[in-house]
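The values are calculated or read from the model by the stated rules, or taken from the named source; none is laboratory data. Please read all numbers here as calculations on a predicted model, not as lab measurements. Here the Cβ is made from the backbone with ideal geometry for all residues, glycine too, and neighbour counts use every protein chain on show. We work out accessible area using only protein heavy atoms, side chains counted, and drop any ligands, DNA or RNA first. Shrake-Rupley method; radii C 1.70, N 1.55, O 1.52, S 1.80 Å.
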Amino acid sequence: MSFVLKMAWRDSRASRRRLVLFSLSIVLGVAALVAIGSFRDNLRQAVADQSKTLLGADLAVTSRQKLTGEARAFLDGLGGEQAREVAFSSMIVFPTRGGQTRIAQVRAMEGGFPFYGEAVTVPAGALKQLDAGDAAVVEDTLMTQFGLQVGEPIRVGEATFPIAGALQKIPGESPAVAMLAPRVYLPLRALEQTHLVQTGSLVRYRTYFKFSSGFDVEALVRNLRERFRGLQLGFDTVEQRKRDLGRVLDNVESFLNLVGFIALLLGAIGVASAMQVYVQQKVATIAVLRCLGATARRSFAVYLCQGLGLGLLGAAMGALLGLAAQLALPAVFRSFLPVDAPVFISWQAVAGGMGAGLGVCLLFTLLPLMSIRRVSPLRALRAGYGEDVPKRDPLQWVLYGLIGMSVFGCAWWQTNRWQRGLGFALALAATFGVLTGVARLLTWAARRWVPRRLPYVWRQGLANLYRPNNRTVLLLVSLGLGTFLVLTLYLTRASLLAEFRGSTGDDRPNLLFFDVQDDQLAGVDALLQAGGAPVRQEAPIVTMRISVLKGRPVEELSRDRAPGRGGWALRREYRCTYRGRLAETERVVAGSFVGRVSPGTDVVPISVEQGLAKELQVQIGDEITFDVQGVPIRTRVGSLRAVEWQRMQANFFVVFPEGVLEAAPKFFVVATRVGSSAQSAALQQAVVRAYPNVSAIDLGLVLQTLDAIFTKVALVVQFMALFVALTGVIVMAGAVLTGRFQRVRESVLLRTLGATRRQVQRIMLAEYSVLGLLASGTGSLLAVGANWLLVHFVFETRFAPSPLLLLVAVVAVTTVTVVTGLLASRGDCDHPPLEVLRQET
Amino acid sequence: MLKVERLTKTYFTAAGPLTVLKDVTLEVAAGDTLAVVGPSGSGKTTLLGLCAGLDEPTTGSVALNGANLERLSEDERALLRNADVGFVFQNFQLIPTLTALENVLVPLELRTGLRRNAGEGLASSSAVPGDGLTEARALLERVGLSDRLGHYPLQLSGGEQQRVSLARAFVNRPKILFCDEPTGNLDDETAQAMMDLVFGLNRERGTTLVLVTHNPDLARRCSRTIRLRGGAVVDDHSA
């Protein structure tokens, strides 16, 4: 064995436990990367293996209108197996549950869908009964919610169906769909009986195809797209689904990986900081080695080997832990996954995670190790020698540069775009910078304003935060970062929920009825009036499409799409309203709002929502021709509006003035306010009983759905934040143990001077409490800042951080800090003073 | 063996330049024993450090065993130290994580691979013992520590630690031994025994000895004494 390896091994004798502890800092970061990477590979494999079940068919053709004529004939002539589906939202009534109602996705189906994969129902094969008789298959969550049994009836529109079974899973859709809107499957031929599909109803027609193997679906889709451009058909193929899913998985994976990467960076900073203290303690040994003839490079190599060894150990432990954590990931993500992911070890992910861990650890460890090259052998003669050695090493700047580049490079690699990578690297640098800055400021302030009247143990505990070689800033940064990440998530969740809940606090509507037909309006109004909930808002809705934009037909525009102009905005079906004034949820940002025009106006001035205007690339004065159910109407953009979309109200992209659309086929949205959920249920039942086609949305239901989604997302983010927070705790334990020798000496000195063991422990308690308070305080401040930014710029809601949440965070982090600190310092008081004093000679 | 010419060392501190060694010239022949005495702060340790190539002079030159130190890089000087120089420090400077035997072996272990790495021309003059381990054991036996080979520095008394460091200083069969206050941290009796060992080994192996000390008795045992004051040589006499 070479001298370097032998020396590295022997020299580590007294500090192996400490080195292992240092290596723990990167374990969780590596574990996160390995777990996510391996899980990603499992998912990719699953997607490849089960690709056809992603759609359940070879091709799905979707249309917003019932297909007729040439298109229908062409599709029918394509052959293969076909299945048809008509889907829309409607109220479901449960007669055996006191006539309770719930909005659901109704899907009337015919044919053997799914062609690939199995629909999971209880009892099995329930979906097949749709073809056999007049029965319904109901989403499992809905069955549970209302305590429904197979065989009980449900009413959809004007028809009643017995329940054939509960739907748990169907190919082509992620289980999360059930969370947004529970599904109810009906036989297609019974659709007529419901009387729900009427003019203006928002209905989606879909045909599923199964072709013989070897059929070129992609070529067919290209052909169909070209041929039926004007019909605005949607085509979904297995390849398309794979691409879409791949993109989503990539995005989710990038996000998770970046969180894992933050944990790794935090750990690496912990390692570097621990190594710095370690190297300082090794200076005498290094000087002796230099005196005995070791070159600077060899002495450096000895400690580099130790650094590499601990990096390797940390990376290996991380990989093992990551593989274990991987087993937990499918459970965390289950509700979002459209496929069953098998669990196997991806060696590529293991290598990637370990490589990243070792690389980052090495880069950061090099920082403190660089100083070894400059240890003068003279220090063996004189301990204090070295004051005239320049402090900054040019190689150190090279290292800083390399670290910056590698962070940027990793982020770029994860996000696939250099702009995002740079953004991430800069945001991370800013967060670290702010955390460090705030930590220093708070430390400085705490030091400056320590009241002299504080008991001695508190003053001593505070003074410990500024002892030489203190890890105060490191601890504040690592604990603060953990607090910041977790708390930002919670605050944002609380802000959003509060925003929606807030609307029940004042006079805003909280119950919406939609699909109210022209002739039903008076009846619905009367029912609401009778139920004690007068109408608050009534908006007519007319469906239309854009046919000509700024003088160019939409077909032409969508053929050669201008960059940045969304095809969706061009082709979608618009549900517009007309009214004489602005609603309270909107304001004009450009142009002027026209409330009424005289009949026969050639070019109608309309008001467009500013986001849509950007999407369509239109400005004030630009002309748009709408096709209103066959009638072309020329319009001109008269004003742009900003809309508060999150308000529970009927909001519109395009608003027409009065005097144009009154005669067009239309239906209404009616909003009211109810005082209780019982009143809401009673009103919904009354309205749906009288007008089965009318649907209702209760704000309470929206809140429930939002909360359910948040809970699922929060589970994922918390799982990841846990890695960061735990890394913070490990880094802290490492830092406490690194300063242990100094601490033991201090406690011995104090005890020699007459301090009791209890006093010494209380000094530590004071130190860790202050540390925990400062860390959680800094993290909380940043989280409040991030919450403000998110609330202000992303969600555009009110900024109202919950003081209770902040208090809980501060108390929890402080407790964890104190407990970790005290546990890591356990036994510091057990050393007899003599033993320590002897060590000093 | 050692030739020092017009040696000056100035440290540039925050408080201004500080000259600790002024224009020192001296020559030591092979096998000679030289004591450097003088009050604290007179530049003794600085002179020793410069002679051993541990630092670079501001002006002047040092030639060690014919090699001009200022022409060598720090790494080349390290090779030279490993080959030709032994050290005994006032505070022993044993590596706390190594046993007594391992401490003694360090210079030899450093040497393995040195020849491969670089210093063919430089480090070749000194004879490497055929079996380093035997040599190290023999030296520890010679200093009376044959039963303490596996002990760590913390488990040894001050006198024992200094004897280990003496064994380490001789293990590479140095041409010149530099001792910096070798008895400064020892009681009289232990110091006496220690110095008997130093001079005994010195005679046996024909090593040149440069000894920095406060102790006049110790200085008298050397063949020549120079006295420093304020960084300059004020007295130079042979016994």
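General observations
- Within region A:8-20, the set of residues being in a helix (DSSP H, G or I), within 8 Å of another protein chain (Cβ to nearest Cβ) and open to solvent by less than 20 Å² (accessible area, probe 1.4 Å) comprises A:Asp11, A:Ser15.
- Single residue of region A:622-671 satisfying the filter (without any contact (Cβ under 8 Å) to a residue 40 or more places away in the chain and in contact with a strand residue (DSSP E or B) (Cβ under 6 Å, 6 or more places away or on another chain)) that is nearest to A:Cys576 (Cα to Cα): A:Thr635
- At least 1 residues being at pLDDT below 90 is the threshold, and among the strands (runs of 3 or more DSSP E) wholly inside region A:503-615 those reaching it are A:511-517, A:535-549, A:574-578, A:586-591.
- Residue match in region A:195-211 (condition: among the small types (Gly, Ala, Ser) and more than 30 Å from A:Ile103 (Cα to Cα)): no
- Residue check: A:Thr415 meets all listed conditions (1) open to solvent by less than 30 Å² (accessible area, probe 1.4 Å); (2) under 21 Å from A:Ser776 (Cβ atoms); (3) among the polar types (S, T, N, Q) but one, namely (2).
- From A:Leu781, A:Leu789, residue being open to solvent by 40 Å² or more (accessible area, probe 1.4 Å), in a helix (DSSP H, G or I), touching a residue at least 12 places away in the same chain (Cβ under 8 Å) and farther than 13 Å from A:Tyr490 by Cα: A:Leu781
- Index of the failed condition, A:Ala31 passing every other in (1) in contact (Cβ under 8 Å) with a residue 60 or more places away in the chain; (2) of a type in the set (A, V, I, L, M, F, W, C); (3) within 14 Å of chain B (Cβ to nearest Cβ): (3)
- Every test in (1) at pLDDT below 75; (2) open to solvent by less than 50 Å² (accessible area, probe 1.4 Å) is passed by A:Val473 save one, and that test is (1).
- Every residue from region A:281-296 that is basic (Lys, Arg) and more than 7 Å from chain B (Cβ to nearest Cβ): A:Lys282
- Within region A:265-322, being open to solvent by less than 10 Å² (accessible area, probe 1.4 Å), of a type in the set (Ser, Thr, Tyr) and more than 24 Å from A:Arg471 (Cβ to Cβ) holds for one residue alone: A:Ser299.
Residue-wise test of (1) hydrophobic (A, V, I, L, M, F, W, C); (2) more than 30 Å from A:Ala135 (Cβ to Cβ).
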{"residue": "A:Gly29", "(1), (2)": "no, yes"}
{"residue": "A:Leu33", "(1), (2)": "yes, yes"}
{"residue": "A:Gly37", "(1), (2)": "no, yes"}
{"residue": "A:Ala73", "(1), (2)": "yes, yes"}
{"residue": "A:Leu78", "(1), (2)": "yes, no"}
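- Scan region B:154-185 for residues that are within 25 Å of B:Cys51 (Cβ to Cβ), more than 16 Å from the chain's Cα centre (by Cα) and away from chain A (no Cβ under 12 Å) and the total you get is 0.
A quick yes/no check of all residues on (1) modelled with pLDDT under 85; (2) part of a helix (DSSP H, G or I):
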residue	(1), (2)
A:Met1	yes, no
A:Lys6	no, yes
A:Leu24	no, yes
A:Leu28	no, yes
A:Ala31	no, yes
A:Gly37	no, yes
A:Ala46	yes, yes
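- Within region A:22-41, the set of residues being surrounded by 24 or more Cβ atoms within 10 Å (Cβ to Cβ) and under 20 Å from A:Leu304 (Cα atoms) comprises A:Phe22, A:Ser23, A:Ser25, A:Ile26, A:Val27.
- Test: residue in region A:330-344 that is within 14 Å of another protein chain (Cβ to nearest Cβ), at pLDDT below 85 and open to solvent by 30 Å² or more (accessible area, probe 1.4 Å): no
- Residues of region B:27-79 classified as without any contact (Cβ under 8 Å) to a residue 40 or more places away in the chain, on the phi > 0 side of the Ramachandran plot and open to solvent by 10 Å² or more (accessible area, probe 1.4 Å), total: 2
- Whichever residue in region B:192-231 is of a type in the set (D, E, K, R) and assigned to a strand (DSSP E or B) and, among such residues, is farthest from the chain's Cα centre (by Cα): B:Arg229
- Residues in region A:9-39 that are within 26 Å of the chain's Cα centre (by Cα) and of a type outside the set (Phe, Trp, Tyr): 14 in all.
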